[in-house]
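Below is one structure, written out as structure tokens; comments come after it.
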Amino acid sequence: MQFVLDLAWTLKVDPRGCFRRFFSKIKTADKPYQDVFNRELDRRCVQARMEGAMKELEEEERQKRVDPEGLDPLEVYESLPKVMQRSFDEKNIEMLQDVMDKLDPVEGW
């Protein structure tokens with residue numbers, strides 16, 4: 001896509017009109033242009049694969065954490081008010097009880 005945008009910028013035309021020019025240029029391109037195009041294409045393919053693998057790994061890790069009811073403890077923890085998170089982090093039961101006492105039973109957190 002970047003090559004089409006560069007071509008449009010060079011020709012000072014709308015990028016939507018450059019696709020045919022791009023493909024005709026890439027067919028007859030000199031070796032350096034073709035090499036740059038192939039390197040960029042390879043880099044973007046690798047980047048897309050890496051992003052896909054990372055998302056897949058994150059989902060696998062999330063699935064390992066999820067309990068039988070479908071709750072993710074990390075998501076639950078992150079949804080808590082900061083003061084409640086801190087009481088869990090510090091394992092401070094007194095602080096947690098104070099936070100719970102101050103919660104509005106109707107509004108929650």
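Report the net charge of residues surrounding MET50, where surrounding means a beta-carbon distance below 12 angstrom and charges are Lys +1, Arg +1, Asp -1, Glu -1.
Details: positive: ARG43, ARG44, ARG49, LYS55; negative: GLU51, GLU56.
That works out to +2.
Before I look further, what does the range 28-89 give for accessible area per residue, probe 1.4 Å, in whole square angstrom? Numbers along the way, then the final one.
On the way: 5040 Å² over 62 residues.
Per residue, the range 28-89 has an accessible area of 81 Å².
Which one, TRP9, PHE88, ALA53, is farthest towards the positive end of the dipole of the chain when Lys and Arg carry +1 and Asp and Glu -1 on their Cβ?
Going by the charge dipole, the pick is TRP9.
With a sphere of radius 13 Å drawn around the Cβ of GLN63, what net charge do the other residues whose Cβ falls strictly inside it have (Lys, Arg +1; Asp, Glu -1)? Walk me through the intermediate numbers first.
Numbers: positive: LYS55, ARG62, LYS64, ARG65; negative: GLU56, GLU58, GLU59, GLU60, GLU61, ASP67, ASP72, GLU75.
With Lys, Arg at +1 and Asp, Glu at -1, the net is -4.
Just from its helices, what would the mean residue ellipticity at 222 nm be for the chain, if runs of 4 or more DSSP H residues each count -39500 (n - 2.57) and the sum is divided by every residue, rounded to the nearest 500 deg cm²/dmol? Each step should come with its number before you reach the end.
On the way: 6 runs with 79 residues, N = 109.
When only DSSP H runs of four or more count, the value is -23000 deg cm²/dmol.
Taking 0.36 nm per intervening residue step and subtracting the Cα-Cα distance, what contour gain separates GLU56 from LEU11 on full extension? Write down the numbers at each step before the final one.
Numbers: separation 45, 0.36 × 45 = 16.20 nm, distance 4.10 nm.
Residue separation times 0.36 nm, minus the Cα-Cα distance, leaves 12.1 nm.
Grab every C-alpha pair in the range 1-92, bin the distances at 5 angstrom width from 0 up to the longest one, and report whole percents.
Over the range 1-92, the share of Cα pairs per 5 Å bin runs 2, 11, 12, 11, 10, 8, 7, 6, 7, 9, 9, 5, 3, 0, 0 percent.
Quick one: with all protein chains in place, what share of the accessible area of the range 1-72 is carbon or sulfur, to the nearest percent (1.4 Å probe)?
Working: 3620 of 6140 Å².
Taking all protein chains in place, the range 1-72 shows 59 percent carbon and sulfur surface.
Using the Cα centre of the chain as the reference point, and only Cβ charges (+1 on K/R, -1 on D/E), how large is the resulting charge dipole? Debye, rounded to the nearest 20. The partial results should precede the final answer.
On the way: 19 positive and 24 negative charges, 315 e Å.
Around 1520 debye, computed over the chain.
With θ set to phi - 60°, apply the Karplus curve 6.51 cos²θ - 1.76 cosθ + 1.60 along the range 2-17 and write out the HN-Hα couplings as whole Hz, x wherever there is a Gly or Pro.
4, 5, 5, 5, 5, 4, 4, 5, 4, 7, 6, 9, 5, x, 5, x
The values are calculated or read from the model by the stated rules, or taken from the named source; none is laboratory data. Everything numeric in this text was worked out from a predicted model, so none of it was measured. Every residue, glycine as well, gets a Cβ built from its backbone with ideal geometry; the counts of neighbours run over all protein chains shown. Heads up: the accessible areas ignore ligands, DNA and RNA and are worked out on the full protein's heavy atoms, side chains in. Shrake-Rupley method; radii C 1.70, N 1.55, O 1.52, S 1.80 Å.
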